[in-house]
């Protein structure tokens with residue numbers, strides 16, 4: 001009972017006000033942190049100049065950041081205002097900037113320029129389906145960049161997908177490296193195959209030559225045998241001729257003696 005009375009005695013108006021102020025300050029700090037964390041998200045925008053001759057995609061997380069990037073991208077030393085391209089509404093606060101959807105078309109105005117409606121604005125119509133493709137870069141050193149695809153049905157239902165190709169350059173390098181490796185491997189395979197086929201052809205030629213050599217030797221042997229037979233025949237003919245001459249001389253000598 002005494003402990004309960006002491007606890008109730010501590011609940012004075014001053015202590016209650018301190019607790020309420022502490023809780024309010026904590027909730028306010030958490031809300032501020034959440035809002036600041038939400039504001040740090042980069043949002044894509046499409047920015048055009050006053051005459052709509054140039055349109056560029058720019059990523060920004062705040063209005064000041066967007067104006068600085070627009071000034072650098074369009075080479076504008078002093079940006080007078082940023083307005084919506086469709087109706088000329090000025091974008092002059094961060095709160096309004098955060099409410100803008102992704103890929104909103106903005107117009108940058110310099111000193112002396114004013115917003116004008118689009119000269120070729122089509123009549124009001126309801127599109128059945130509309131597909132928007134936006135290719136943009138978050139960093140000037142990006143190889144391909146990012147692709148935002150947005151599909152709209154009947155002007156009311158929309159779905160978008162943001163494809164971020166941050167490692168496209170590395171992927172292309174790896175693809176080229178594998179292409180070079182495959183080409184080198186193909187070259188080695190073709191070179192080895194050609195050497196193997198050439199060796200097979202040379203072996204076949206050597207086999208054919210080895211088969212042709214005995215036939216040539218046989219022909220030469222037959223030719224030498226024919227030549228030796230002809231020589232022997234000539235020798236026998238000469239011997240017979242000599243014998244005939246000797247017999248004829250002997251017969252003629254015997255006749256003279258008689």
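The values are calculated or read from the model by the stated rules, or taken from the named source; none is laboratory data. From a predicted model like this one, the values you see are computed outputs, not experimental measurements. Every residue, glycine as well, gets a Cβ built from its backbone with ideal geometry; the counts of neighbours run over all protein chains shown.
Quick notes on this one:
- Across the range 126-138, the qualifying residues are those that are within 15 Å of residue 45 (Cα to Cα) and at pLDDT 85 or above, and the one among them that is surrounded by the fewest Cβ atoms within 10 Å (Cβ to Cβ) is 133.
- Filtered residue count, the range 138-157, keeping only those that are in a loop (DSSP other than H, G, I, E, B), within 20 Å of residue 61 (Cα to Cα) and in contact with a strand residue (DSSP E or B) (Cβ under 6 Å, 6 or more places away or on another chain): 1
- Any hit, the range 107-125, residues being closer than 17 Å to residue 59 by Cα, touching a strand residue (DSSP E or B) at 6+ places or on another chain (Cβ under 7 Å), at pLDDT 80 or above and surrounded by fewer than 15 Cβ atoms within 10 Å (Cβ to Cβ): no
Yes or no, residue by residue, for (1) loosely packed, with under 10 Cβ neighbours inside 10 Å; (2) modelled with pLDDT of 85 or more; (3) touching a strand residue (DSSP E or B) at 6+ places or on another chain (Cβ under 9 Å); (4) in the same structural domain as residue 145 (by TED's automatic domain parsing):
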| position | (1), (2), (3), (4) |
| --- | --- |
| 14 | yes, no, no, no |
| 20 | no, no, no, no |
| 36 | yes, no, no, no |
| 80 | no, no, yes, yes |
| 85 | no, yes, yes, yes |
| 90 | no, yes, yes, yes |
| 104 | no, yes, yes, yes |
